[in-house]
1. When the chain is modelled as a GNM with alpha-carbon springs shorter than 10 Å, which of 123, 143, 72 fluctuates the most?
2. Which length gain, in nm to one decimal place, applies between residue 135 and residue 58 when the Cα-Cα distance is subtracted from 0.36 nm times their residue separation?
3. Taking 8 Å as the Cα distance limit and 6 or more residues as the minimum spacing, I'd like the relative contact order of the chain as a percentage.
4. Given the C-alpha atoms of segment 15-63, compute the convex hull and give its volume per residue in Å³.
5. I need the peptides 127-137, 48-58 ranked by packing, meaning the mean over residues of other C-beta atoms within 10 angstrom, with the highest value on top.
6. Among the lysines, select those whose C-alpha is under 23 Å from the C-alpha of residue 159, and discard any that sit fewer than 8 residues away in the same chain.
7. Report, in cubic angstrom per residue, the convex hull volume of the C-alpha atoms of the chain.
8. For residue 157, what charge total do you get from the other residues with a beta carbon under 15 Å from its beta carbon, if Lys and Arg give +1 and Asp and Glu give -1?
Amino acid sequence: MLTQIGFLEGDVVEVLLTTVSGDDEPNGAPMGVWVQKGPSLTICPYEDTQTARNLENNGHAVMNLSQDPHLFLHLAFKKELLHLEPVLFESAKTVKAPRIKGVSGFVEVLAQSKEEVESDAKFKEFDCQVLHVELTTNYSPVFSRARSAAIECIIHATKIRALYRTNPTEIKRLVYQIDELQNFVERVAPHSPSAAVIQQVEQLLPKWIK
């Protein structure tokens, strides 16, 4: 089932990962998923994040499948963009972590921590046991280069926030890539919702670029 919905061996796919704290407080964040032989799934959140703490606490998570850049923006910068409409959650089938309402599908997993990954910015690595896979619709959105570029900008911006004051060389490279993606979207789809999302990302960057 995972292969049929795009989790192909050797690839990295982007999902909206939802977890839950010991106090039953839901949390969501964009997350890359490394697809390895099997396929088996691995995620590597930054160590000093609520996602990593929740996974260490109980291991329950849902990989929510979506191509909506607004959802990625909201979950990536929920503390910075308080004016955005709240994301709505619902109960999952097999784990305590919630699902996000209105997405295209779900992969419910139990995550188990591995040894720390050496890096300038510390990660926690988790192997994921898949418990349940479900699609909510048979409709597959048409491919949008602007939408994909917007999601990529959000992912780069979350890395800039995590590397703030620790890796100026990498931050400079990521800022350059965001600028390139913004220029591309301004050429091909300047009035699209994706262009508006990238503009919001650009407005956040001065918080972490000094």
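1. 143
2. Numbers: separation 77, 0.36 × 77 = 27.72 nm, distance 2.47 nm.
Contour length minus Cα-Cα distance gives 25.2 nm.
3. Computed value for the chain: 18 percent relative contact order.
4. Working: hull volume 3.5 nm³, N = 49.
Enclosed volume per residue, from the Cα hull, is 72 Å³.
5. 48-58, 127-137
6. Filter leaves 78, 79, 114, 122, 124, 172, 207, 210.
7. On the way: hull volume 26.8 nm³, N = 210.
Given the Cα convex hull of the chain, per-residue volume reads 128 Å³.
8. 0
Bear in mind these aren't lab numbers, they're just calculated from the coordinates by the rules spelled out. A quick note: this is a predicted structure, and the numbers were derived from the prediction, not measured. When we count neighbours, we look across all protein chains shown, and the Cβ atoms used for this are built from the backbone with ideal geometry, even at glycine.
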